[in-house]
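Engineer: Below you will find the structure I want to go over with you.
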Amino acid sequence: MGEDRPRRSTQGRVLIPQDSPHPERQRGQLYGRRKGPKLRGRQAELLETLLPQLALQIENGRDPREYFSVPVSDVWLEVGFGAGEHLLALARAHPDVGLIGAEPFINGVAKLLSKLEPGEGGNIRLHVGDARDIIAALPDASLSRAMILFPDPWPKTRHRKRRFIQTGMLDALARVMKPGAELRFASDDPGYVEWALERMIAHPAFAWTAKRADDWRTRPESWPQTRYEAKAIRGRPSYFTFVRA
């Protein structure tokens, strides 16, 4: 779903959607691998011991600030956090912000857990699964930022319905984001960039903040870089910030 790991195949868990006359507005599916190579001993141990402490216990309508073991003033959501460099850097730089990360790829979750220092994680909560489960449970206007960085592009035409950015998903994000909240999107795939921009620009709830080309060609200083992004530099990644109207 997200950045900083090899592009996944279509093998693995697939959630079969209900029939809908509006394919882009349906609940959606979770495609791709859930597991990769065998975990190292330490990583497997952390999944057993540390993950239960940081696992998000989703409750419909609950104020997301209550999910954390430390006081937080705002809550940000990262969809598909990969190996977690970006999420962890934000959590460390903003101790008063709660970071919720969704990632179905268990190897990425294990890598994030292995990066945590003792005592860290009070402002981090993790969901090993589909970010749409979190979004559906959030109350209205409860997120101050949502981040979708380097999601799987699903470049084949018949697979485009699998892309996370869909009109229906933007509707869902608009519901849970506060006025003025940021929606950050990045991709190194030109086809996905065009697809996402077409839908985001057309959506009445979001306004693009770019004033010049460098605003989306250059990574903002407030966006911590990940290993995947560093590799993608040769492919000229694009960075977009939209604001909830």
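The values are calculated or read from the model by the stated rules, or taken from the named source; none is laboratory data. Since we're looking at a predicted model, the values are computed, not measured. Note that we place each Cβ from the backbone using ideal geometry, even for glycine, and neighbour counts take in every protein chain shown.
Engineer: Could you give every pair whose Cβ atoms fall below 7 Å, whose first residue belongs to the range 78-93 and is buried (at least 24 other Cβ atoms within 10 Å of the Cβ), and whose second residue is hydroxyl-bearing (Ser, Thr, Tyr) and not in a loop (DSSP other than H, G, I, E, B), counting only separations of at least 6 or pairs across chains?
Structural biologist: Listed pairs, sorted by first residue: 82/228.
Engineer: It is to be established whether one or more residues within the range 209-218 are free of Cβ contacts under 8 Å to residues at least 40 places away in the same chain and within 19 Å of the chain's Cα centre (by Cα).
Structural biologist: Yes, the range 209-218 contains a residue that is free of Cβ contacts under 8 Å to residues at least 40 places away in the same chain and within 19 Å of the chain's Cα centre (by Cα).
Engineer: Could you grab me the full set of residues in the range 224-237 that are touching a helix residue (DSSP H, G or I) at 6+ places or on another chain (Cβ under 7 Å) and either at pLDDT 95 or above or surrounded by fewer than 20 Cβ atoms within 10 Å (Cβ to Cβ) (or both)?
Structural biologist: 224, 227
Engineer: Residue under question is residue 66, and the condition is that it be part of a loop (DSSP other than H, G, I, E, B) and surrounded by fewer than 20 Cβ atoms within 10 Å (Cβ to Cβ); does it hold?
Structural biologist: So residue 66 does not fit the description; no.
Engineer: Determine whether residue 69 is farther than 15 Å from residue 138 by Cα, modelled with pLDDT of 95 or more, in contact with a helix residue (DSSP H, G or I) (Cβ under 8 Å, 6 or more places away or on another chain) and not aliphatic (A, V, I, L, M).
Structural biologist: no
Engineer: Grab the strands (runs of 3 or more DSSP E) fully contained in the range 140-215, keeping just those with 3 or more residues being surrounded by fewer than 17 Cβ atoms within 10 Å (Cβ to Cβ).
Structural biologist: It comes to 177-187.
Engineer: Can you tell me which residue among 100, 134 is in contact with a strand residue (DSSP E or B) (Cβ under 8 Å, 6 or more places away or on another chain), assigned to a helix (DSSP H, G or I) and either under 26 Å from residue 241 (Cβ atoms) or not hydrophobic (A, V, I, L, M, F, W, C) (or both)?
Structural biologist: Step by step, each of 100, 134 is checked, and only 134 is in contact with a strand residue (DSSP E or B) (Cβ under 8 Å, 6 or more places away or on another chain), assigned to a helix (DSSP H, G or I) and either under 26 Å from residue 241 (Cβ atoms) or not hydrophobic (A, V, I, L, M, F, W, C) (or both).
Engineer: Of the residues 47, 88, which single one is within 18 Å of the chain's Cα centre (by Cα) and at pLDDT 95 or above?
Structural biologist: Exactly one residue qualifies, and that residue is 88.
Engineer: Take the residues in the range 117-128 that are in contact (Cβ under 8 Å) with a residue 12 or more places away in the chain and on the phi < 0 side of the Ramachandran plot; name whichever of them is surrounded by the fewest Cβ atoms within 10 Å (Cβ to Cβ).
Structural biologist: The selected residue is 120.
Engineer: State the number of residues belonging to the range 68-103 that are touching a Lys or Arg at 6+ places or on another chain (Cβ under 8 Å) and either within 25 Å of residue 165 (Cβ to Cβ) or of a type in the set (Gly, Ala, Ser) (or both).
Structural biologist: 14
Engineer: While we're on this one: Does residue 241 satisfy the condition of being closer than 15 Å to residue 80 by Cβ and touching a Leu at 6+ places or on another chain (Cβ under 8 Å)?
Structural biologist: No.
Engineer: Is at least one residue of the range 13-30 modelled with pLDDT of 50 or more and surrounded by fewer than 14 Cβ atoms within 10 Å (Cβ to Cβ)?
Structural biologist: no
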